[in-house]
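Q: Take this structure first; my questions come after.
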Amino acid sequence: MKKRVIVGLSGGVDSSVAAYLLQKQGYEVIGLFMKNWHDDSVTISDECPWLDDSNDAMLVAEKLGIPFQTVDLSEQYKERIVDYMFDEYEKGRTPNPDVLCNREIKFDVFMKIALDLGADYVATGHYCRKTTLTKDGQDVHQLLAGKDPNKDQSYFLCQLSQEQLAKALFPVGELLKPEVRAIAKEQELTTADKKDSQGLCFIGKVRLPEFLQQQLKPKEGVIVEIPKDNAFYNETVPTFNSKLEELQYQSRKPSYEVSQGKIMGKHQGAHYFTKGQRKGLAVGGTVEPLFVIDTDVKENVIYTGQGTAHPGLYKSALFVSNEELHWVREDLALDTDETMQVLARIRYRQPLENATLHKVESGLYVEFENPQSAITEGQFVAWYLDEELVGSGVIS
C-alpha cells in the first residue's frame with residue numbers, strides 16, 4: 001500500500017515542487033488548497049489574491065495528474081488568526097500571524113481534514129527539514145533548518161509539537177531555492193517563475209494599517225522623540241544579589257513620559273505601530289531618521305529615537321512566561337534553575353545569536369551575548385542547538 005500524503009498546494013513554486021517530489025518518491029499525493037479569506041477590500045488586488053493562487057494550484061495538480069480540491073477555512077482563520085491579531089495589536093503587542101497560521105491552521109485544522117481523508121502525512125513547501133531519532137525507545141522528531149541559508153523557514157514552524165511533526169513532511173528542505181525553480185521549469189509547472197508571495201500567510205499582500213483600521217478605530221495622538229542622553233540610559237547599573245535580579249533588570253521595559261522628550265508630530269493610533277518601525281511616522285527635519293522605541297496604547301503615545309544606534313532600541317535579555325513557553329523537543333525542556341547555551345533569533349531572517357536560557361519559576365529568560373535591537377512584545381523568540389530548533393516562546 002502506498003502511503004497517502006496531502007500537500008497544502010498554495011499556488012506557489014515551493015509547494016508545487018513538494019508535490020512533484022513526493023510523487024516521484026512513490027507516495028499517493030493529493031493536492032488541497034486552503035481558502036482562508038473572503039474580504040477583498042483590504043487585499044491589494046493585483047498582489048496574489050487567493051483566486052489566482054487556487055487556479056495555479058489546480059493547474060499544477062492537473063499537470064502532475066493528482067486529485068485536487070479546495071477547502072474553505074476562512075471561518076477558523078478569522079477566529080484563530082485575524083481576531084488574535086486585532087486583540088494583540090490592541091494590547092500594544094505585535095503578533096506574528098505566520099507562526100500562528102502554521103500552528104493553528106496548516107498543522108491543526110488542515111491536518112485534521114487531511115487525516116480524515118485517510119492521509120498518513122501532510123506536506124508543505126517550507127524550507128526546513130525533519131529527522132527522527134529514537135530516545136528511550138520513543139521516536140523523537142527533530143525540526144532542522146532548511147539547507148538554503150537564505151530561505152530557512154524553520155522559525156515559522158517554531159510552535160509545532162511532536163504530534164504535529166510526526167505527521168509532517170518537508171520535501172524541499174534539502175534543496176536550494178534555485179534548484180526548486182529549476183525542477184519546476186523542467187517539469188513545466190505553471191508556477192516555475194511565479195514570484196514568492198509576500199504578506200499574510202494565505203491571504204496575500206494586505207495593507208496592514210487599513211486592515212487594522214477595520215477593527216481598531218483611528219485615534220489621534222502625539223509622536224515624541226526621546227533624546228539619546230535620557231537619564232534612563234545612563235543610570236548606574238545596580239549591584240545584584242542574584243542572577244534573577246540581573247535578568248529582571250536587563251529585560252525591564254523603560255517607562256517613558258511625554259515630558260522627557262520633544263513632540264515631533266501626530267499619529268492616528270499607537271496600536272498601528274511597532275517597535276523598530278521607521279516607515280509611516282511622516283516626521284522630517286531630524287539629522288537621522290526616527291525609529292519607534294516604544295508605544296503606549298493606553299495613553300496613545302509613540303516614543304521615537306534618532307538613528308539605528310539609539311539606546312532605546314537595545315536590550316540584552318527578554319522574558320517568556322510559562323503560559324507562552326513551548327518546547328518542540330519536550331525531552332530537552334529545562335527545569336527551574338537550569339540553564340542552556342543556545343543560538344536564538346527574535347525574528348525571521350535574523351542571523352542566529354549566541355544566548356543563554358535561564359529557567360525560573362515563572363517562565364524563561366533569554367539572555368543574549370550581544371544586545372538585540374527592537375525586541376518586540378508579542379513576537380516569537382526561537383532557540384536552536386546547532387541546526388535544530390528546540391523551542392520557542394512569545395516575548396512578554
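The values are calculated or read from the model by the stated rules, or taken from the named source; none is laboratory data. Quick caveat: nothing in here was measured; it's all calculated off a predicted structure. Using ideal geometry, Cβ is built from the backbone for each residue, glycine included, and neighbour counts are taken over all protein chains shown.
Q: Considering each residue of region 297-330, count those that are over 26 Å from residue 245 (Cα atoms) and under 20 Å from the mean Cα position of the chain (by Cα), and give that number.
A: 2
Q: Look through region 193-230, keep the residues that are modelled with pLDDT under 60 and assigned to a strand (DSSP E or B), and return whichever of them is farthest from residue 98 (Cα to Cα).
A: The residue in question is 204.
Q: Taking the conditions exactly as written (touching a strand residue (DSSP E or B) at 6+ places or on another chain (Cβ under 9 Å), modelled with pLDDT of 95 or more and not polar (S, T, N, Q)), does residue 148 satisfy them or not?
A: no
Q: For region 138-148, indicate whether the set of residues that are of a type outside the set (Gly, Ala, Ser) and under 15 Å from residue 18 (Cβ atoms) is non-empty.
A: yes
Q: Same structure, new question: Identify the single condition in (1) in contact (Cβ under 8 Å) with a residue 40 or more places away in the chain; (2) surrounded by fewer than 16 Cβ atoms within 10 Å (Cβ to Cβ) that residue 289 does not satisfy, given that it satisfies every other one.
A: (1)
Q: Which pairs have Cβ atoms under 6 Å, sit 6 or more apart or on different chains, and link a residue in region 303-327 that is more than 22 Å from residue 95 (Cβ to Cβ) to one that is assigned to a strand (DSSP E or B) and among the hydroxyl-bearing types (Ser, Thr, Tyr)?
A: 314/373
Q: Go through region 231-251 and report how many residues are part of a loop (DSSP other than H, G, I, E, B) and surrounded by fewer than 12 Cβ atoms within 10 Å (Cβ to Cβ).
A: 7
Q: Scan region 366-374 and give yes if some residue there is assigned to a strand (DSSP E or B), within 19 Å of the chain's Cα centre (by Cα), closer than 27 Å to residue 138 by Cα and not hydrophobic (A, V, I, L, M, F, W, C), otherwise no.
A: No: region 366-374 contains no residue that is assigned to a strand (DSSP E or B), within 19 Å of the chain's Cα centre (by Cα), closer than 27 Å to residue 138 by Cα and not hydrophobic (A, V, I, L, M, F, W, C).
Q: Does residue 361 fit the bill of being farther than 30 Å from residue 146 by Cβ, surrounded by fewer than 17 Cβ atoms within 10 Å (Cβ to Cβ) and of a type outside the set (Lys, Arg)?
A: Judged against the criteria, residue 361 is a match.
Q: Please go through region 346-362 and pick out each residue that is among the small types (Gly, Ala, Ser) and under 26 Å from residue 128 (Cβ atoms).
A: Within region 346-362, 355 is the sole residue that qualifies.
Q: Okay, moving on. Here's a check for you: in region 375-396, which residue that is part of a strand (DSSP E or B) and either free of Cβ contacts under 8 Å to residues at least 40 places away in the same chain or hydroxyl-bearing (Ser, Thr, Tyr) (or both) is farthest from residue 133 (Cα to Cα)?
A: The qualifying residue farthest from residue 133 (Cα to Cα) is 392.
Q: Now for a different question. Of the residues 131, 94, only one is of a type outside the set (A, V, I, L, M) and more than 25 Å from residue 29 (Cα to Cα); which?
A: 94
Table: residues versus (1) out of contact with any helix residue (DSSP H, G or I) (no Cβ under 8 Å at 6 or more places or on another chain); (2) in a loop (DSSP other than H, G, I, E, B); (3) not hydrophobic (A, V, I, L, M, F, W, C).
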position: 288; (1), (2), (3): yes, yes, yes
position: 294; (1), (2), (3): no, no, yes
position: 303; (1), (2), (3): no, no, yes
position: 309; (1), (2), (3): yes, yes, no
position: 335; (1), (2), (3): yes, yes, yes
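Q: To continue, here is another question. Can you list residue pairs whose Cβ atoms sit under 8 Å apart, with the first residue in region 108-124 being within 14 Å of residue 163 (Cα to Cα) and the second being part of a loop (DSSP other than H, G, I, E, B) and modelled with pLDDT of 95 or more? Count only pairs 6 or more apart in sequence or on different chains.
A: 111/167; 115/167; 120/3; 120/167; 121/3; 121/27; 121/167; 122/167
Q: Among the residues of region 264-277, are any under 20 Å from residue 213 (Cβ atoms), crowded, with 19+ Cβ neighbours inside 10 Å, modelled with pLDDT under 95 and among the aliphatic types (A, V, I, L, M)?
A: The answer is yes, given that some residue of region 264-277 is under 20 Å from residue 213 (Cβ atoms), crowded, with 19+ Cβ neighbours inside 10 Å, modelled with pLDDT under 95 and among the aliphatic types (A, V, I, L, M).
Q: If a residue has to be polar (S, T, N, Q), surrounded by fewer than 22 Cβ atoms within 10 Å (Cβ to Cβ) and in contact (Cβ under 8 Å) with a residue 40 or more places away in the chain to count, how many in region 139-158 make the cut?
A: The total comes to 1.
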